[in-house]
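Structure record follows, encoded as structure tokens.
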Amino acid sequence: MGKQISITAIVGSYRKGGIIDRAVDEILDAAREAGAETTKISLVEKHIEFCVNCRSCTQREGTERGQCLLLDDMRTILEQLERSDAIVLASPMNFGTVTALMKRFIERLICMAYWPWGKAYPILRNKRKTKRAVLVASAAAPALLGRWFTRMVGLMKTAAGLLGARTAGVLFIGLAANQRDQPLTAKTIRKARRLGRKLAETRDA
């Protein structure tokens, strides 16, 4: 018998109720209707310090996440993600990439790597990708240009991988700045809900 899927969404938008926020809500609503348990975390509401590159969290070898010395909400967020079967990473585009909110979160994921002093590059602590991820992005540019001619989606894929997830789908919303409080198109809503149902697919317990 399949287990109930737990999904956590990390939203890097500055605006509540904006295109990204509403797209994530559609994904999570569809997932809940399919039987999943969902949590949405808005980074704008959380206290997350900037990574100071001390690399204390990367020095101890092993598969367990390294412990950051900074005292903020990041530890609780990571614990929630570790308990989840699937994740959603969502951000609008600012200056050709994710928002500073999302970038700050991603930089703190260095704790998922082992990188002792003297080694030229970090090594992923756990290379198993047992979770699934959906990436959500929006841009003023057409979706094709935004998705394939910037590093935005690639950066979020890297973040998903650090969190132990393989990317199961991407929702890139183009031409998202044509008007204030722009509505989601019917096509975008259909794709968002399809991705939500995909994340909610149960696996054997």
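Comparing mean-square fluctuations of 124, 163, 145 from a GNM of the chain with C-alpha springs under 10 Å, the top value falls on 145.
Under a no-solvent Debye model with one identical scatterer per Cα of the stretch 6-198, what's log10 I(q)/I(0) at q = 0.10 Å⁻¹? Log-scaled intensity ratios, in q order: -0.40.
Taking the Cα centre of the chain as reference, the dipole from Cβ charges on Lys and Arg (+1) and Asp and Glu (-1) amounts to some 640 debye.
Shape descriptor for the stretch 66-142: Rg over Rh equals 1.00 (Cα atoms; Rh from the Kirkwood inverse mean 1/r). Based on DSSP H segments of at least four residues, each scored -39500 (n - 2.57), the chain has a per-residue ellipticity at 222 nm of -9500 deg cm²/dmol.
Taking the DSSP beta bridges with both ends in the stretch 6-198, the antiparallel portion is around 10 percent.
Take the Cα of residue 40, step 7 Å toward its Cβ, do the same at residue 75, and the gap between the two points is 2.8 nm.
Looking at the stretch 7-69, the trypsin sites (Lys or Arg not before Pro) that sit in a DSSP loop and have at most 14 other Cβ atoms within 10 Å of their own Cβ are 15, 16, 60. Of the Cα atoms belonging to the stretch 1-80, the radius of gyration and Dmax stand at 16.0, 45 Å.
Placing dummy labels 7 Å off each Cα toward the beta-carbon, the span from residue 130 to residue 54 is 3.0 nm. Going by neighbour counts of Cβ atoms within 10 Å, the residues 84, 91, 42 line up, fewest first, as 42, 84, 91. Treating each Cα of the stretch 143-205 as an identical point scatterer and summing with the Debye formula, the log10 of I(q)/I(0) at q = 0.20 Å⁻¹ comes to -0.98.
Where a number appears in this text, it was derived from the coordinates with a stated rule and is not lab data. Just so it is clear, the model here is predicted, and its values are computed rather than measured. Heads up, the Cβs are rebuilt from the backbone with ideal geometry, glycines too, and the neighbour counts pull from every protein chain shown.
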